[in-house]
Amino acid sequence: MPFNFYAVLVAAFSSLVVGFVWYNPKVFGTIWMNETGMTEEKARKGNMAKIFGLTLIYSFMLALIMPILVIHQMGALSMIGGFDMVASAKPSYAAFMLDYGTEFRTFQHGALHGFMSGLFLALPVIAINGLFEHKSWKYIAITAGYWTVIMTIMGAIVCGWK
């Protein structure tokens with residue numbers, strides 16, 4: 001089970017694609033701007049290269065952890081010490097991977113685990129921050145919804161792309 005760098009890269013890039021749609025004024029962009037106090041003028045003053053560049057880096061970090069969250073075989077791999085230890089692993093590892101190496105490796109299964117990760121990781125973090133920052137529930141729902149959708153898509157891509 002080799003590491004799929006391209007799947008991780010595409011998963012990271014998906015956050016930008018979905019963000020362009022999600023935060024479009026015709027979708028949730030206008031509501032989000034109202035809830036955050038953002039204006040078109042203020043948005044234009046931002047350093048877009050920095051914003052999108054760092055967004056891609058942080059999205060890559062998130063996509064990089066996705067295999068651990070959505071691919072069950074990563075647990076077996078971690079038990080032997082990682083990719084470098086496959087050649088010296090006990091025969092039981094090879095037998096396990098022969099029997100179960102492709103089990104639950106579908107886009108649908110990855111989407112399920114990605115969704116659960118968004119629901120149980122992204123939502124609580126965003127909601128707690130939002131509560132302490134006195135943000136509205138609209139803001140929390142839009143932001144947490146975005147990350148839940150992203151993690152669902154990332155999970156699908158990383159798990160399903162073999």
Criterion violated by residue 115 - all others in (1) outside any helix (DSSP H, G or I); (2) surrounded by 16 or more Cβ atoms within 10 Å (Cβ to Cβ); (3) not hydroxyl-bearing (Ser, Thr, Tyr) satisfied: (1)
Any hit, segment 109-129, residues being more than 13 Å from the chain's Cα centre (by Cα) and either closer than 17 Å to residue 161 by Cα or modelled with pLDDT under 90 (or both): yes
Residue match in segment 48-59 (condition: small (Gly, Ala, Ser) and either in contact (Cβ under 8 Å) with a residue 12 or more places away in the chain or touching a Gly at 6+ places or on another chain (Cβ under 9 Å) (or both)): yes
Qualifying residue in segment 128-139 (condition: within 11 Å of residue 159 (Cβ to Cβ) and surrounded by 12 or more Cβ atoms within 10 Å (Cβ to Cβ)): no
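If I filter segment 80-104 down to residues being under 26 Å from the mean Cα position of the chain (by Cα) and without any contact (Cβ under 8 Å) to a residue 12 or more places away in the chain, which single residue comes out as farthest from residue 2 (Cα to Cα)?
81
Of all residues in segment 109-162, which are of a type in the set (Ser, Thr, Tyr) and either in contact (Cβ under 8 Å) with a residue 60 or more places away in the chain or closer than 12 Å to residue 69 by Cβ (or both)?
The first filter runs over segment 109-162 and keeps only residues of a type in the set (Ser, Thr, Tyr), leaving 117, 136, 139, 143, 146, 148, 152.
If the condition is that a residue be of a type in the set (Ser, Thr, Tyr) and either in contact (Cβ under 8 Å) with a residue 60 or more places away in the chain or closer than 12 Å to residue 69 by Cβ (or both), then 117, 136, 139, 143, 146, 152 are the ones that fit.
The values are calculated or read from the model by the stated rules, or taken from the named source; none is laboratory data. Model, not experiment: these values are computed from the prediction. For neighbour counting, all protein chains shown are included, and Cβ atoms are generated from backbone atoms with ideal geometry for every residue, glycine included.
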